[in-house]
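Encoded as structure tokens, the structure appears first; notes follow it.
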């Protein structure tokens, strides 16, 4: 046995040649063919949560815009209604019923209670030209499927009275 064969024989276990010394199964374990699947499996829950959180944020933003719209419509109605009869059953209820979604109207789903409508005169007894403020607020539960927190979505609008009102107002906060 020459020196070259001798080194190969020492290196290879049980007399295998150098090419047979490393079995193919070690190469299969070292490949990265399953790495992408494992990483994908680890990342997918976070991506799904992020997408659902973005959708929930968009829903909350829509409800906030609806609350602002209701407040603007309500303030305009409160400013011009004067001594005409209130819409039925009350002005507050009429404003709430104008909401675009059932969740704000009835307090279902992510909105924990029906929208609260508050009409007030900041300066006490109203006179023509005084401000009337309408505030619409609703409690919104963030990401309810994981037990997220609750925030208050609030829209407010103030307009000047054009006629003396016949409806009653709340105390201003």
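The values are calculated or read from the model by the stated rules, or taken from the named source; none is laboratory data. Just so it is clear, the model here is predicted, and its values are computed rather than measured. So basically every Cβ, Gly included, is an ideal-geometry build from the backbone, and we count neighbours across all protein chains shown.
Quick notes on this one:
- When residues in segment 104-155 are screened for being assigned to a strand (DSSP E or B) and closer than 20 Å to residue 71 by Cα, 21 of them pass.
- Residue 122 vs. criteria at pLDDT below 90, buried (at least 16 other Cβ atoms within 10 Å of the Cβ) and under 24 Å from residue 165 (Cβ atoms): no
- Those residues of segment 134-153 which are over 18 Å from residue 45 (Cβ atoms) and surrounded by fewer than 13 Cβ atoms within 10 Å (Cβ to Cβ), in sequence order: 149, 150, 152
- Of all the residues in segment 156-173, those that are in a loop (DSSP other than H, G, I, E, B), within 11 Å of residue 133 (Cα to Cα) and out of contact with any helix residue (DSSP H, G or I) (no Cβ under 7 Å at 6 or more places or on another chain) number 4.
- Flag if residue 156 is surrounded by fewer than 20 Cβ atoms within 10 Å (Cβ to Cβ) and under 12 Å from residue 75 (Cβ atoms): yes
- Residue that is surrounded by the most Cβ atoms within 10 Å (Cβ to Cβ), among those in segment 83-104 that are touching a residue at least 60 places away in the same chain (Cβ under 8 Å) and within 15 Å of residue 134 (Cβ to Cβ): 91
- Filtering 129, 147 for residues that are in contact (Cβ under 8 Å) with a residue 24 or more places away in the chain and at positive phi leaves a single hit, 129.
- The single residue among 99, 60 that is at pLDDT 90 or above and not in a helix (DSSP H, G or I) turns out to be 99.
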